[in-house]
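The values are calculated or read from the model by the stated rules, or taken from the named source; none is laboratory data. On a predicted model such as this, the values are computed, not experimentally measured, just so you know. In this analysis, Cβ positions are derived from the backbone assuming ideal geometry, glycine residues included, and neighbour counts consider all displayed protein chains. Note: accessible area is taken over every heavy atom of the protein model, side chains too, but ligands, DNA and RNA are not part of it. Shrake-Rupley method; radii C 1.70, N 1.55, O 1.52, S 1.80 Å.
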Amino acid sequence: MTPRRALAVLAAGLVAVAPLAGCRTAPTVAAYVGEEQIGVAELDEAVDARLADPAIADYAAGQRADYTRQVLSLRIDAQVYAEAADRLGVAVRDGEVRERIATLLGGSDPDAVYAQVAQQQGATPEDVFASVRQELLRQRIADAAGRVDLSEAGLRARYEELRPQLQQVAVGFVTVPDQATAQAVLTQLVADPASYPAVAAQYPGQATLPQVQTTTPDQLAGPLAEAFAATPAGQGFTLPVPEAGGVVVGFVAARTEPSFAEVRGQLAEQAGEQAGELGAEIVAEVREELDPVVNPRYGVLEDARVVRLTEGVVQPPADGEAVAVGD
């Protein structure tokens, strides 16, 4: 995923749960989230502030009601995440958010990316900042709940578990007509590994690898996989494979394994993704307990997003004039 795409996805919101329903309504309240309220005036102010950006105004042109629902969804998310973080006793510092955004941006121009997000998502830099904070909160929440270990010790344990998959092996195989030839070729390769290309050139074909190639153990398949797995570096084996047209001489030129330091960043990213998924489940549980309720004049919650009602129900707003829900 490119940095621009990553930010766009984050700005769009990532957590989805089943729709919830409730019966609390008041003309001055846009939504209830547990014991907290999101006022209509507060929501209007948030929408107006965003529409002051010309790019966002263009994005929302002719669809203010839909955009208002989008902003209300973000406000509800903020309340849910605040409650989830409070319950688990976790927090994310602003500096950590900025560091994560810098990672997502890579070498991209921040102004250009934020402009694109505004045009395509109707999101402000503050919205992106909040969304990235939520990404990190999901990870911290999962860690605090004991569902994943993001500590240094946890990363080292993950490294030990994945070491067999992280290993790289340099292998070659040459198919010769008979066992006697196979044994002679194997003896030569063990004595002089650098001679492999010359030896392979003497027995060309689809069942001969012209050059030693580096791969990972999981990429080795077929009848040779087990033999390669059991062969130490600098050694080889012979194996009759009739379908290959003779006897295969397998050779393991080298086995290398990255150090923990070399793959720590990759391991941390993988652990973070896993923690994010597990944290999203916890946030969804908190959301369900809070049971957010949206004022029907704005619509209804569906997959944790406020969407317009399509049933044509009429709701009276604060001024007493009847309007169709979803308008």
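Taking Cα atoms, how many degrees apart are the long axis of helix 110-121 and the longest axis of the chain, rounded to 10 and kept between 0 and 90?
That helix lies at roughly 60 degrees to the long axis.
Hey, rough spin-label estimate for GLN167 and GLU96, points 7 angstrom out along Cα→Cβ, what's it come to in nanometres?
3.6
In whole angstrom, how far apart do the alpha carbon centroids of the stretch 212-232 and the stretch 95-146 sit?
41
Expressed as an acute angle from 0 to 90° and rounded to the nearest 10, what is the orientation of the C-alpha long axis of helix 152-166 relative to the principal long axis of the chain?
The angle comes out near 40 degrees.
Scanning the chain for GluC sites (Glu not before Pro) in DSSP loops with at most 15 other Cβ atoms within 10 Å, what's the longest stretch left with none?
Working: sites that count: GLU35, GLU311, GLU321.
Formally, the longest exposed-site-free interval is 36-310.
How would the stretch 65-138 be classified by its alpha-carbon gyration tensor: rounded, prolate or oblate, with rounded meaning a/c under 1.5 and the a/b versus b/c comparison settling the rest?
Working: a/c = 3.54, a/b = 1.15, b/c = 3.09.
Verdict is oblate for the stretch 65-138.
Among THR175, LEU136, PRO193, whose Cα sits farthest toward the positive end of the charge dipole of the stretch 125-223 (+1 at Cβ of Lys/Arg, -1 at Cβ of Asp/Glu, about the Cα centre)?
LEU136
Need the C-alpha centroid separation for the stretch 155-184 versus the stretch 34-58, integer Å.
60
What's the local net charge at ALA118, with K and R +1, D and E -1, over the other residues with C-beta under 10 Å away? Write down the numbers at each step before the final one.
Numbers: positive: ARG50; negative: ASP53, ASP58, ASP127.
That sum, taken over residues with Cβ under 10 Å, equals -2.
Would you mind checking the tilt of helix 179-191 against the longest principal axis of the Cα atoms of the chain, expressed as 0 to 90 degrees and rounded to 10?
70
Place a label point 7 angstrom from the Cα of ALA115 along the Cα-to-Cβ direction, then list the residues of the stretch 52-69 whose backbone nitrogen is under 20 Å away.
52-61
Evaluate E = 1/(1 + (r/R0)^6) for GLU273 and GLU36, where r is the Cβ-Cβ distance and R0 equals 30 Å; express this FRET efficiency to the nearest 0.05.
Working: r = 30 Å, r/R0 = 1.01.
E between GLU273 and GLU36, to the nearest 0.05, is 0.50.
Starting from the Cα of GLU126, move 7 Å in the Cα-to-Cβ direction to define the label point; list residues of the stretch 47-68 whose amide nitrogen is under 12 Å from there.
Label zone hits: 47-53.
Between ASP48 and GLU262, what length comes free when the chain is fully extended (0.36 nm per residue of separation minus the Cα-Cα distance, one decimal in nm)? List each step's numbers first, then the result.
Details: separation 214, 0.36 × 214 = 77.04 nm, distance 4.81 nm.
Between ASP48 and GLU262, full extension yields 72.2 nm more.
Between ALA180 and ARG156, 0.36 nm times their residue separation minus their Cα-Cα distance comes to what?
Details: separation 24, 0.36 × 24 = 8.64 nm, distance 4.69 nm.
Roughly 4.0 nm would be gained on extension.
What does the C-alpha gyration tensor say about the overall shape of the stretch 100-179? Classify as rounded when a/c is under 1.5, otherwise prolate if a/b is larger than b/c, or oblate. Don't skip to the end; give the middle numbers.
Details: a/c = 4.28, a/b = 1.75, b/c = 2.45.
Oblate.
About the Cα centre of the chain, what is the dipole size in debye to 20, counting +1 per Lys and Arg Cβ and -1 per Asp and Glu Cβ, all else neutral?
Working: 24 positive and 46 negative charges, 168 e Å.
So the magnitude is around 800 debye.
What shape does the stretch 93-133 take by its C-alpha gyration tensor, where a ≥ b ≥ c are the square roots of the eigenvalues and a/c under 1.5 counts as rounded, a/b above b/c as prolate, and the rest as oblate? Numbers along the way, then the final one.
Working: a/c = 2.78, a/b = 1.31, b/c = 2.12.
Cα axes put the stretch 93-133 in the oblate bin.
So the label point goes 7 Å from the Cα of ARG147 along Cα→C-beta, right? Which residues of the stretch 66-84 then have their backbone N under 15 Å from it?
Residues passing the 15 Å test: 81, 84.
Taking the Cα centre of the chain as the origin and placing charges on Cβ (Lys, Arg +1; Asp, Glu -1), which of GLY276, GLN206, ALA65 is farthest toward the positive end of the dipole?
It is GLN206.
Counting only protein heavy atoms and using a 1.4 Å probe, what share of the accessible area of the chain belongs to carbon plus sulfur, as a whole percent? Walk me through the numbers before you get to the answer.
Details: 8550 of 16780 Å².
On the chain, the fraction of accessible area on carbon and sulfur atoms equals 51 percent.
7 Å from Cα along Cα→Cβ at both VAL241 and GLU226: what's the point-to-point distance in nm?
Placing both labels 7 Å beyond Cα along the Cβ direction yields 1.5 nm.
Where nothing but the Cβ of Lys and Arg (+1) and of Asp and Glu (-1) is charged, how large is the charge dipole of the stretch 193-269 around its Cα centre, in debye to the nearest 20?
Numbers: 2 positive and 6 negative charges, 41 e Å.
The calculated dipole for the stretch 193-269 is roughly 200 debye.
Pop the C-beta distance of GLN206 and ASP303 into the FRET formula with R0 = 51 Å and round what comes out to the nearest 0.05. Please report the intermediate quantities before stating the final value.
Details: r = 51 Å, r/R0 = 1.00.
The value I calculate is 0.50.
Residues of the chain: accessible area per residue at 1.4 Å, in Å²?
Details: 16780 Å² over 327 residues.
Per residue, the chain has 51 Å² of solvent-accessible surface.
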